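Data first, discussion second: the structure below is written as structure tokens.
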Amino acid sequence: MLLLTARDTVEERVRGLDSGADDYLVKPFALTELFARVRALLRRTATQKDAILCVSDLTLDPAMHIVERAKQPIELTARLFSVLEYLMRHPNQVLTREMIANHIWSYDFVGTLNAVEVCIRRLRNQIDDPFEVKLIETIRGVGYRLRTCDQR
């Protein structure tokens, strides 16, 4: 996520980056700098896509589109796979429904945030319900978190 803003104090930049932005660009800016930052973010994302993600006993291979929990294969639709990948790239971090919707459906998403709740429920059916330890946690009034087993 690249944050484009007119807010330029150090505190605001720190708050933006701590809130989940990968980069922060203050207006006014040169288009060439914006394009260079976008290219850098895309390079970073491309290399991250190759790595197998692991959270507790849950693994996700983005390149092969494979998900396993406790070495048991789990079949997911493309949308559920994207939601799970997003959660796994941010373990123990609370992600709001808006953040998930914007990541999965992009900023032009027209619909209700109930679609995110439906995806989370379907993920829980496959990722959590068959197992004793639950990984997907609801933070009431805020969003969702995929927590590692050592986070209680």
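Just so you know, all these numbers are worked out from the coordinates, no wet-lab data involved. Since this is a predicted model, take the numbers as computed values, not measurements. Neighbour counts run over all protein chains shown; Cβ positions are idealised from the backbone, glycine included.
For the residue pair ASP61 and CYS149, what label-to-label distance in nm results when each label sits 7 Å from Cα along the Cα-to-beta-carbon direction?
In this crude label model, ASP61 to CYS149 measures out at 2.1 nm.
Kindly give the semi-axes, whole Å and largest first, of the ellipsoid equivalent to the stretch 2-49, taking each as the square root of 5 times a Cα gyration tensor eigenvalue.
Working: eigenvalues 80, 45, 5 Å².
Computed over the stretch 2-49, the values are 20, 15, 5 Å.
Of CYS149, LEU31, LEU84, which is farthest towards the positive pole of the chain's charge dipole, taken about the Cα centre with +1 and -1 on the beta-carbons of Lys, Arg and Asp, Glu respectively?
Highest projection toward the positive end goes to LEU31.
How high is the relative contact order of the chain, in percent, counting Cα pairs under 8 Å that sit 6 or more residues apart? Mind dumping the intermediate values first?
Details: 170 pairs, mean separation 25.0, N = 152.
RCO, the chain: 16 percent.
Say each of ILE52 and ARG7 gets a label point 7 Å from the Cα, pointing the same way as Cα to Cβ; how far apart are those two points in nm?
Going from the ILE52 label point to the ARG7 one covers 4.0 nm.
Just to verify a number: FRET efficiency for ARG124 and ALA40, C-beta to C-beta distance, R0 = 41 Å, to 0.05? Kindly include the intermediate steps, with their values, before the conclusion.
Working: r = 35 Å, r/R0 = 0.86.
Taking R0 as 41 Å, the efficiency between ARG124 and ALA40 is 0.70.
Run through every distinct alpha carbon pair of the stretch 51-146 and return the Kirkwood hydrodynamic radius in angstroms, one decimal place. Display every interim value, and only then the final one.
Numbers: mean 1/r = 0.0740 Å⁻¹.
Across the stretch 51-146, the inverse of the average 1/r is 13.5 Å.
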